[in-house]
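The values are calculated or read from the model by the stated rules, or taken from the named source; none is laboratory data. It should be emphasised that the depicted structure is a prediction, and the values quoted were computed from it without experimental measurement. Note that we place each Cβ from the backbone using ideal geometry, even for glycine, and neighbour counts take in every protein chain shown. Side chains included, ligands, DNA and RNA excluded: accessible areas come from the protein's heavy atoms. Shrake-Rupley method; radii C 1.70, N 1.55, O 1.52, S 1.80 Å.
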Amino acid sequence: MAFSFRRSDFPDDFIFGAATAAYQIEGASFGGAGPSHWDTFAATPGNVVNAETGAIACDHYHRYGEDLDLLRSGGFDAYRFSTSWARVMPDGKNVNPEGLDFYDRLADATLERGLNPFLTLYHWDLPAALADLGGWRNRDVASWFADYSSIVMDRIGDRMAAVATINEPWCVTWLSHFWGIHAPGLRDIRAAARSMHHVLLAHARAMEAMRAAGHGNLGIVLNFEHANPASDAAGDVSAAARYDGFYNRWFIEAITRKTYPEVILEGFAGHMPDGYEKDMEAISAPLDWLGVNYYTRSNVAADPEAAWPSLKSVPGPLPKTDMGWEIYPDGLYGFLTRLHRDYTGETPIIVTENGMAWDDHLVDGRIDDRERIAYFDTHLAAVRRAIADGAPVKGYFGWSLLDNYEWALGYGKRFGMVHVDYDTQKRTPKASFEAFRHAIGGN
Ligand code: FCB
């Protein structure tokens, strides 16, 4: 099964890539990395399926050469990866030279294969020592993060094609401090409100430090989920508007308009950090590009019995991935055009993650993941439509290069274009990888 597009259906300079993240693939027990809050979270019963961790993961720390060879053979133009804060600063304070050496080798190895390195500075591995100090709830996290960012950029910033400060602030904050689903597993509105501001302040301080050091092509990666009212009832429609507020509007409006959505500030009343308004100027410093992660939509219903935001997600009618996520490519089109129209204008947008989990099985040494091919194909069609309608979308990264550690769901959910046998660490490109190779011109 092949894709319905060719590379030539996209603008000449359009970038095709694949994305990963440090904790999900590297192996956090290698190279002097310190514990992150994901290690402590996973060590607490009930938080992660089978209490799995990123200790070994895909052993990418040792196998990065082979993994980068795969990317090149697939014809990809770029590799999106993250550096691990806990690897670079194991105790949150002192630098681990081995950690920086690893990213230095990775940067060179990426370039040697003709791939553009797209760096993300924070993809969720906060050093446990900084979590002890309150992590994202502590305003000081902004200067900690700026220091860490400078340390990484001093070493590899000269070779990066593009740099994002933080991956998915919504997951870092709401998902992790209000819903308690990701580390540090808090269910606390005050922690949520504070972290949702501090994460943006951290982004701002890191941007300032990197700009001052002369680095360019800097951005942030936000995730978006279409908020679909479960019915036409007024209660469901306003519940979906609140969902859209805390998920889709909060971060981009702070960055592009210096404001937070009123519908969310109302719910956070009494919990926002004092004087947060004074930070909005710094938070809204211009981006060179915006990363957009998109996977699904949510069907949102009012839940009047529950505390604010008084809503719940209910199952919808569309076909679902192995995550139970509805497959809804129109949502990607909707966000790309909405962001361009309402928020980011001509600032380049890159789709930095999009993909699906599926219960893949090796049959005679092959994985025929035609569902994933269809997912990528329909979402890339949505990207093409958005470009045709004027959205400045400059690239697309599939999530993910490899099957990997899917956070609270452990190793059971497979998102890779390449299958990983976790016992042998053998990599087997799936049919979706071959489809990319065919469409974008790998060998
Ligand atoms: C995103 C994360 C990424 C991966 C995908 C499935 O929210 O950025 O690490 O887990 O979801």
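Results, tabulated for the structure shown:
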{"read-out": "Failed condition for Ala382, given (1) aliphatic (A, V, I, L, M); (2) more than 15 Å from Ile327 (Cβ to Cβ); (3) crowded, with 20+ Cβ neighbours inside 10 Å", "value": "(2)"}
{"read-out": "Output for segment 167-188, where each listed residue is within 11 Å of the ligand (Cβ to nearest atom) and on the phi > 0 side of the Ramachandran plot", "value": "Glu168"}
{"read-out": "Segment 17-41, subset crowded, with 24+ Cβ neighbours inside 10 Å and among the hydrophobic types (A, V, I, L, M, F, W, C), residue farthest from the ligand (Cβ to nearest atom)", "value": "Ala33"}
{"read-out": "Identity of the residue in segment 372-395, touching a residue at least 60 places away in the same chain (Cβ under 8 Å) and basic (Lys, Arg), that ends up farthest from Met1 (Cα to Cα)", "value": "Lys394"}
{"read-out": "Residues (aliphatic (A, V, I, L, M) and over 22 Å from the mean Cα position of the chain (by Cα)) located in segment 54-99", "value": "Val95"}
{"read-out": "Selection within segment 339-373 - farther than 22 Å from Tyr405 by Cα, crowded, with 17+ Cβ neighbours inside 10 Å and either within 16 Å of the ligand (Cβ to nearest atom) or charged (D, E, K, R) (or both)", "value": "Ile350"}
{"read-out": "Residues (out of contact with any strand residue (DSSP E or B) (no Cβ under 9 Å at 6 or more places or on another chain), part of a loop (DSSP other than H, G, I, E, B) and away from the ligand (no atom under 11 Å from the Cβ)) located in segment 395-425", "value": "Tyr422, Asp423, Thr424, Gln425"}
{"read-out": "Where Ala240 falls short, out of the listed (1) open to solvent by less than 10 Å² (accessible area, probe 1.4 Å); (2) touching a helix residue (DSSP H, G or I) at 6+ places or on another chain (Cβ under 6 Å)", "value": "(2)"}
{"read-out": "Where Asp147 falls short, out of the listed (1) assigned to a helix (DSSP H, G or I); (2) open to solvent by less than 30 Å² (accessible area, probe 1.4 Å); (3) not aliphatic (A, V, I, L, M)", "value": "(2)"}
